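Following: one structure in structure tokens, then a few remarks.
The values are calculated or read from the model by the stated rules, or taken from the named source; none is laboratory data. On a predicted model such as this, the values are computed, not experimentally measured, just so you know. All Cβ positions, even for glycine, are placed from backbone atoms using ideal geometry, and neighbour counts span all protein chains on display.
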Amino acid sequence: MLSDFNIRATFVLFITTIIVLAAHKLGLMDTSFDINDGSPTTFVTSFAEGVANNQTFDEGTKITRNDALFSARCSIREISADASRCGVSVAIGYNSSLKKHELANGFDLSKYDHVEIDATLDSPNQNNRVRLSLRNYNENYSTPNDFASLKLNSLNYLPNKEFPSKRIEFNSFRVEDSWIKEGNISFEDSKVDFSNIAFIEFVTDDVNEVGDYWLQINKISFHGQLFNELALLQIIILFWLIAIIFLVARQSKKLQVISNTDALTGLLNRRGITDWSYKKGTNLQNRRKGFLFYFDIDGFKKVNDTHGHSVGDELLCELGNIVKGILAGNPNMQNNIGLSRLAGDEFVLIISRINKDEANHFAALILEKLSSPIVISKRLIKVGLSMGISSFDPSFDEFEDILSRADSAMYCAKRDGKNRFRVFDDHVRDAIYRRKQIALNIRLAAENNEFSMVYMPIFRAVDLYIHKVEVLLRCHSPALNGIGPDEFIPITEEFGVIQNIDLMVIETTFKHMHKNKQVFENSNIKVCINISAKELNNVSFTSSLETLLADYRINPAQIEFEITETSLVEIDEQSIKILNQIRDMGMSLALDDFGTGYTAFSHIVNYPIDCLKIDKSFIDDLTEKNEVKKTLVKSILAIASSFNLETVAEGIEKDEQFRILKELGCGSIQGYLLSKPISWIHFKALLEDQDGRGSIIKIAN
Ligand code: C2E
Ligand code: CA
Ligand code: CA
């Protein structure tokens, strides 16, 4: 896209071109030089040669008659065989410091293209021609002070008394052969040359009759144009070329700035920071060690969803300003800074020439600054920030490697609880290595069919009747020994090892239910399946579910999906829509690990859920004496009941916990006290047993 400046510049150039061409056509670029009578630059001499008497002039005297500029009147009494002539020489470039006949540098007349003369010749037979010579001085072929050696650029013409004015084009002049021969002139020097004209000479030609010859020169003027048409066009084309090169260079520089700049914040973008780091890396002077900071806003999506995208955009700009403000307040951090927004809410800052303490100090300053809410569009917004930091040495490190290290450190900062920074070190490296190894082993386990399901019964608190069962994924690969689904499932998702592990679990469970239709129908048990928050952004999730329900003829009322409360932190309208669709299909939803997220109790009503699963952390130290915990659990149960939600308490390991929960009115319980996750065979036996007896008390496993 052309900038306004370029459009204006092109327009001005175009108009200027038109004006220049018009001025040229109108003759505004014409130039002329008039040889004036009495001009201080001219010296005139008239002469007669041959046998002449009654000469009416002295050599070196200007003779004027009838208002002519110059004239010569010669009475030729006898015709000489070799030379009979009468003429006028006008030395131009003459100045008073020169002695008579001393040769001066002439005038450059090459810029003119024609000469206009007004001359008459009275002669006995009235048809004598005149030779006009513009004599050129050049030290190659002319001898100083010798007029005869000057080049003869000449032409002959017949003066007309009635029309004495004559225009003579420069290209009709020729260098006289006799002069070339006499002076033994080289071919190069034998061409017409008007660059240093020292003399203008008018001489009668063909004087072959005795009598009076009267030569009168009334006007000599040279004319031309400052530029001829071709030269002018060449200049204009050259000018356009220079202008185009300038404008293109300017435009490409501008485009480069645009393509390296983030339009929203005005900071560098990914390409910009990569270029920046490359330039720093290749510029030896700037090759200083430094630190790269990679950070993003915790829960930025929530800010967008709650306050709108324009507030989100302002927040991003404000974060850029906060960082710039901190840098401005630290004089030793002001040089060699590259600040960029990579994408979304991800920022990268590079500071050269700082040490580790300064890097830590800078990171702490940002977090401290964000510890109080930011005012955006008259709203107070509180955000956290997770940051990964990596040191670098530009002589060795590639930008992408530094970025990847800082990214790993940021990942660890998030995993450790967000709103903190982490410097890349061996621990981060090991953690990342471990994740990569796990991802690799999961791929192998998937190839070797080493996944299976276990079943964890959920009991009604009042009568310990198993009315639900949670399906839990297991991997039997020895390489993944001790690594539970809570660790390997997020890694599987992150590395994309298994296309969609949730759908795999759902399909396996449905297949299993279909195969054991009788058992599930008789017990009327609800099967609880964990799904990751990712499915809430997956628009095809519900249609896949629909297909699976139909394929395996599953009664949707027997299915409950569990989503963790923390996943709701990032929930948006699209996610709520998916949750509603799941419920509309007849399935129910449970909010898993309730109490670990930040959901205000009053917000629960906004989510389409049927059941709250109270997290194990609330149950762990639930004792008769712990009034605080008891009150907390009691209020969760009260809220759930006011919203008509079922409740399940997770992780019951002790009788005391079970007793208290039952007393407080918790609906269902799940935990090692009653059953660990068990195989299908075991679980089926349990179901059959309880259907036979109505309920069970405790299952040994
Ligand atoms: P969760 O959904 O909270 O599942 C409950 C976890 O707590 C299970 O661990 C279960 O064995 C454990 N648990 C239950 N009662 C007790 C108890 O009394 N004491 C102790 N110490 N632990 C108890 P598990 O099977 O290792 O699963 C861990 C997490 O992995 C699950 O937490 C769930 O978030 C995830 N997960 C498991 N299977 C799947 C799956 O198929 N899909 C998805 N998306 N996530 C799954
Ligand atoms: Ca669960
Ligand atoms: Ca749970």
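Screening region 582-632 for residues that are assigned to a helix (DSSP H, G or I), within 27 Å of residue 544 (Cα to Cα) and charged (D, E, K, R) and picking the one that is farthest from ligand 1 (Cβ to nearest atom) gives 584. One residue stands out in region 298-313 among those that are crowded, with 20+ Cβ neighbours inside 10 Å and touching a strand residue (DSSP E or B) at 6+ places or on another chain (Cβ under 7 Å): the one that is nearest to residue 346 (Cα to Cα), namely 298. When we screen 625, 613, 630, 654 for residues that are in contact (Cβ under 8 Å) with a residue 24 or more places away in the chain, in the same structural domain as residue 558 (by TED's automatic domain parsing), of a type in the set (Lys, Arg) and more than 30 Å from residue 542 (Cα to Cα), the only hit is 630.
Find the residue count for region 321-341, including only residues that are surrounded by fewer than 21 Cβ atoms within 10 Å (Cβ to Cβ) and either in contact with an Asp or Glu (Cβ under 6 Å, 6 or more places away or on another chain) or closer than 20 Å to residue 302 by Cβ (or both). Qualifying residue count, region 321-341: 1. Across region 659-672, which residue is nearest to residue 621 (Cα to Cα) among those that are within 13 Å of ligand 1 (Cβ to nearest atom) and touching a residue at least 40 places away in the same chain (Cβ under 8 Å)? Among them, the one singled out is 661.
Given the criteria in the same structural domain as residue 507 (by TED's automatic domain parsing) and modelled with pLDDT of 85 or more, does residue 548 qualify? For residue 548, the condition - in the same structural domain as residue 507 (by TED's automatic domain parsing) and modelled with pLDDT of 85 or more - is met.
Residue-by-condition table, conditions (1) part of a helix (DSSP H, G or I); (2) over 42 Å from the mean Cα position of the chain (by Cα); (3) among the small types (Gly, Ala, Ser); (4) more than 30 Å from residue 658 (Cβ to Cβ):
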| position | (1), (2), (3), (4) |
| --- | --- |
| 429 | yes, no, no, yes |
| 433 | yes, no, no, yes |
| 436 | yes, no, no, yes |
| 442 | yes, no, no, yes |
| 445 | yes, yes, yes, yes |
| 452 | no, yes, yes, no |
| 459 | no, yes, no, no |
| 470 | no, yes, no, no |
| 474 | no, yes, no, no |
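Scanning region 677-701 for residues that are surrounded by fewer than 15 Cβ atoms within 10 Å (Cβ to Cβ), in a loop (DSSP other than H, G, I, E, B) and modelled with pLDDT of 60 or more yields one hit, 679.
Within region 633-650, one or more residues are within 16 Å of ligand 2 (Cβ to nearest atom), touching a residue at least 60 places away in the same chain (Cβ under 8 Å), assigned by TED's automatic domain parsing to the domain that holds residue 530 and under 21 Å from residue 533 (Cβ atoms).
Please list, ordered by first then second residue, the pairs with beta carbon atoms under 9 Å, 6 or more apart or interchain, first in region 114-141 and more than 30 Å from residue 189 (Cα to Cα), second among the acidic types (Asp, Glu) and assigned to a strand (DSSP E or B). From residues that are more than 30 Å from residue 189 (Cα to Cα), the pairs are 122/212; 123/212; 124/212.
Would you point out which residue out of 42, 17 is surrounded by 13 or more Cβ atoms within 10 Å (Cβ to Cβ) and either among the charged types (D, E, K, R) or at pLDDT 90 or above (or both)? Checking each option against the conditions leaves just 17. Within the option set 336, 330, being at pLDDT below 95, farther than 19 Å from residue 265 by Cα and out of contact with any strand residue (DSSP E or B) (no Cβ under 8 Å at 6 or more places or on another chain) holds for one residue only, 330. Return the residues of region 637-658 that are aliphatic (A, V, I, L, M) and either assigned to a strand (DSSP E or B) or away from ligand 1 (no atom under 16 Å from the Cβ) (or both); say none if nothing qualifies. Across region 637-658, the qualifying residues are 637, 638, 639, 640, 645, 648, 649. Inspection of region 157-178 identifies at least one residue that is closer than 22 Å to residue 35 by Cβ, buried (at least 21 other Cβ atoms within 10 Å of the Cβ) and either basic (Lys, Arg) or out of contact with any helix residue (DSSP H, G or I) (no Cβ under 8 Å at 6 or more places or on another chain) (or both). Right, residue 247: modelled with pLDDT of 95 or more, aliphatic (A, V, I, L, M) and assigned to a helix (DSSP H, G or I) or not? So residue 247 does not fit the description; no.
The lone criterion from (1) of a type outside the set (Gly, Ala, Ser); (2) within 28 Å of residue 651 (Cα to Cα); (3) at pLDDT 95 or above; (4) away from ligand 1 (no atom under 12 Å from the Cβ) left unmet by residue 521 is number (3).
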